[in-house]
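Chemist: Handing you this structure, nothing more for now.
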Amino acid sequence: MSSPPTSSTHKALPILAARGLTKTHGRTQALRGASVELRAGEILAVTGASGSGKSTLLHCLAGIVRPDEGSVVYAGQRIDQLPEKRLSELRRTEFGVVFQFGQLIPELTALDNVALPLLLAGTARKEAHERAGEWLERFGVRGQEELRPGEMSGGQAQRVSLARALVTGPQVVFADEPTGALDSFASEGVMTALAHTARESGTAVLLITHDAQIAAYADREVELRDGAVGTGADTVVEVSR
Ligand code: ADP
Ligand code: MG
């Protein structure tokens, strides 16, 4: 009997790998030799105390910030030294990003917010809106198309943000405390939708959280320790499940 497809299907291959990352902000060393691997199709939770360097690690992996030292390899290609133009192209086509406060565009409706990355990539308006509507449906916010961010609940706004991050079919979604501003009921709804949708589409997710209940949605968990004030050894520790 064949088992149903799960995210373990592609698990062997790392799609994204960071080695020995260091990053200093002014006088603060946010990362000191962090290494982490994200396997294709997996949901990886990165946990750690506030200030341990989680967001800095995500920014380095997503090509938003360049590390001072170390390497970031995406799909076999080193990306940390790519020229800015190629890096932004990569971010636009291969990656999706969600932050704690969805960072939707306040003037645009839910549908237009989700359609925007497609429009920027040159998709025709009608098709962009159709696909945006499908992704709103997947995230359980069909019927909210015409709402602007100020008219949504926090949970609705994060569902719309996730739809926007996934609408272009990225290989990797980076989520930095995506439920950090939500109550536990809304958090569960958002995480269930994210985990289900990512598994269905085979998208790998790097999920930053300091909440064990949220980390439990992941396939695997690593903990970042003392990114700023550690002892200098590898700062990422695999957490056994
Ligand atoms: P986390 O997401 O785990 O809370 P961060 O990566 O945001 O950790 O921050 C790690 C450390 O780097 C913290 O001490 C933080 O204050 C510092 N830091 C992060 N970003 C900046 C910045 N842009 N300028 C100065 N310090 C920063
Ligand atoms: Mg952070």
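Read-outs throughout are calculated quantities, based only on the coordinates presented, and are distinct from any laboratory measurement. All values derive from a computational prediction rather than experimental measurement. Neighbour counts run over all protein chains shown; Cβ positions are idealised from the backbone, glycine included.
Chemist: Please give the Cα centre distance for the range 193-220 versus the range 58-103, rounded to the nearest Å.
Modeler: Cα centroid to Cα centroid, the span is 19 Å.
Chemist: Let me ask you something else. When ranked by the protection proxy of mean other Cβ atoms within 10 Å per residue, highest first, what sequence do the peptides 90-96, 196-202, 118-124 form?
Modeler: Those peptides, ordered most packed to least, come out 90-96, 196-202, 118-124.
Chemist: About its Cα centre, how strong a charge dipole does the range 7-123 have in debye, to the nearest 20, once Lys and Arg get +1 and Asp and Glu get -1 at the Cβ?
Modeler: Taking the Cα centre of the range 7-123 as origin, the dipole is about 360 debye.
Chemist: For the range 96-174, state which trypsin sites (Lys or Arg not before Pro) are in a DSSP loop and have at most 15 other beta carbons lying within 10 Å of their beta carbon.
Modeler: Hits after loop and neighbour filter: Arg142.
Chemist: Across every pair of different alpha-carbon atoms, what Kirkwood hydrodynamic radius in Å does the range 50-205 reach?
Modeler: It works out to 16.1 Å.
Chemist: If I stretch the segment between Leu119 and His196 completely, what's the gain in nm (0.36 nm per residue apart, minus their alpha carbon distance), one decimal?
Modeler: Additional length available on full extension: 25.1 nm.
Chemist: Based on Cβ point charges of +1 for Lys and Arg and -1 for Asp and Glu, what charge dipole magnitude is obtained for the chain about its Cα centre, in debye rounded to the nearest 20?
Modeler: That gives the chain a dipole magnitude of about 540 debye.
Chemist: Which whole-number percent gives the relative contact order of the chain, counting Cα pairs below 8 Å spaced six or more residues apart?
Modeler: 29
Chemist: With each run of n ≥ 4 DSSP H residues scored as -39500 (n - 2.57), what mean residue ellipticity at 222 nm is computed for the chain after dividing by its residue count and rounding to the nearest 500 deg cm²/dmol?
Modeler: The helix contribution divided over the chain gives -10000 deg cm²/dmol.
Chemist: For the range 124-166, list residues with backbone N below 18 Å from a point placed 7 Å from the Cα of Glu188 toward its Cβ?
Modeler: Those under the cut-off are 140, 154-156, 159.
Chemist: Give me the one-decimal nm value for the distance between modelled label points at Ala75 and Glu89, 7 Å along each residue's Cα-to-Cβ direction.
Modeler: 1.2
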